[in-house]
Amino acid sequence: MKITAIGLDLAKNVFQVHGVDERGHALVKKTLKRAQLAAFFASVPPCLVGMEACSGAHFWARKLQGFGHTVRLISPQFVRPYVKSNKTDAADAAAICEAVSRPDMRFVPIKSIESQGLLVLHRARQGFIRSRVAQTNQIRGFLAEFGIIIPQGAYHIQPRVAEILEDAEIALPGTVRELLLQLVAHVRYAHEQEQLLEARIKRWHKDNEASSRLAQIPGIGPLTASALVASIGDVSAFRNGRQLAAWLGLVPRQHSTGGKAHLLGISRRGDTYLRTLLTHGARSVIICAKQKPGYEQSWLGRLLKRKHHNVVVCALANHNARVVWALLKHDRQYRADFSPQAA
């Protein structure tokens, strides 16, 4: 019998393979080492291969596609219901094989190596930001123990610490003064690395046509546009803009029954980083819109009269996500006066 579908449970060194024929009968149940995996799939006739979207999934997806296989990545939360017993590698591989064969299953787009490289820059930049913020908060906490309070704002840290170190009347142990110099140097280094990575991302954005088009949308800048282009990949994987907004976690959760729809808060599915960029961009648009004439008669002004500010922020971020889908899908430029009827 011919293998038609394979479920592959990924790991660092030991991989579990579960293959079935067209009737669903198990033909292959193997445990393979990392060095054996590529040779195994090279010897198997092209078939459907399912994997959970986890660390290393995009690398193996591209590699197996090179062997002629059709690869599908599945979110782990959609695989869990198909696990029939206790969690083992073999049970996970069988569940993945079952899930990838379902006609209504939703899959994760496979990223190219260029998109992954850009997203690595985004993640590294975000890591430096978290490190810088954590270090500045630590400096504030240490100084507060000695009765010294620094005003709010990251820009106060370095000049205020310099003044404290120069003031000999402030009672600070010598070990604390040396530590403050070291911590401030770490904050400065993290900020410099953040700026260098941001400059590299902006250079990529400038050379990418799709990212440049998305940056024309109010509330979306080079960082958000580049991250969206790299994360979305093939926009045809989403049937409409609402699917993209739902993938980003910008639509309400539902708890509906008996024909009655109950909408809850936003679902917060998908990528937290992308959702954060879109919501912060929406906040800046609302702040700027309030300073423009005719604001109260605009869509945002009317919505703010009826809804809480944070609800309007999420609504605008949702709207921008749908505009992103439209621009990428139809290869258009952003127009503030665009109307579907005219199109």
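Overview of values
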quantity	calculated
Under 5 Å, built H, 5+ apart or other chain: amide partners of Val49	Ile6, Thr70, Val71, Arg72
Selected from Leu244, Leu179, Leu119 as most flexible by GNM, with the chain as the system and alpha-carbon contacts under 10 Å	Leu179
Kirkwood hydrodynamic radius (C-alpha pairs) into Stokes-Einstein, the chain, 10 °C and 1.306 mPa s, D in µm²/s	66 µm²/s
HN-Hα J in Hz across the stretch 159-176 - Karplus 6.51, -1.76, 1.60, θ = phi - 60°, x for Gly and Pro	x, 6, 5, 4, 5, 5, 5, 7, 7, 6, 6, 6, 7, 10, x, x, 5, 5
Degrees between helix 89-100 axis and first principal axis of the chain (Cα, 0 to 90, nearest 10)	80 degrees
Interchain or long-range residues, amide H under 5 Å from Leu10's placed H	Glu52
Shape call, the stretch 5-100: gyration tensor on alpha carbons, a/c limit 1.5	rounded
³J(HN,Hα), Karplus 6.51/-1.76/1.60, whole Hz, each residue of the stretch 193-210, x for Gly, Pro	5, 4, 5, 5, 5, 5, 5, 5, 5, 5, 5, 5, 4, 5, 8, 9, 5, 5
Between 0 and 90°, nearest 10: helix 57-66 axis offset from the chain longest Cα axis	40 degrees
Computed [θ] at 222 nm, helices only, for the chain once each DSSP H run of length n ≥ 4 contributes -39500 (n - 2.57)	-17500 deg cm²/dmol
Sites matching trypsin sites (Lys or Arg not before Pro) across the stretch 1-101 that sit in DSSP coil, with at most 12 neighbouring C-beta atoms within 10 Å	Lys2, Lys12, Arg23, Lys84, Lys87
Computed E for Glu145/Ala124 - FRET, C-beta separation, R0 41 angstrom, nearest 0.05	0.80
Sorted by Cβ density within 10 Å, fewest first, the residues Met1, Met105	Met1, Met105
Amide proton proximity set for Arg253, modelled H, under 5 Å, gap of 5+	Leu264, Gly265, Ile266, Ser267
Selection of trypsin sites (Lys or Arg not before Pro), the stretch 193-287, meeting DSSP coil and at most 11 other Cβ within 10 Å	Arg239, Arg268
The chain: most fluctuating residue of Ile170, Ile113, Ile217 per GNM, C-alpha cutoff 10 Å	Ile170
Top of Asn208, Asn13, Asn320 by mean-square fluctuation, Gaussian network on the chain, Cα under 10 Å	Asn13
Cα gyration tensor shape for the stretch 210-330, rounded if a/c is under 1.5, else prolate or oblate	oblate
Footprinting exposure proxy for Asp21, Asp104 (fewest neighbouring C-beta atoms within 10 Å first)	Asp104, Asp21
The stretch 207-273-the stretch 1-72 distance, computed between alpha-carbon centres (Å)	30 Å
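A short reminder: the numbers here are calculations on the coordinates, not readings from a lab. Keep in mind that this is a model prediction, so the values were computed, not measured. Here Cβ is always computed from backbone atoms with ideal geometry, including for glycine, and neighbour counts include all displayed protein chains.
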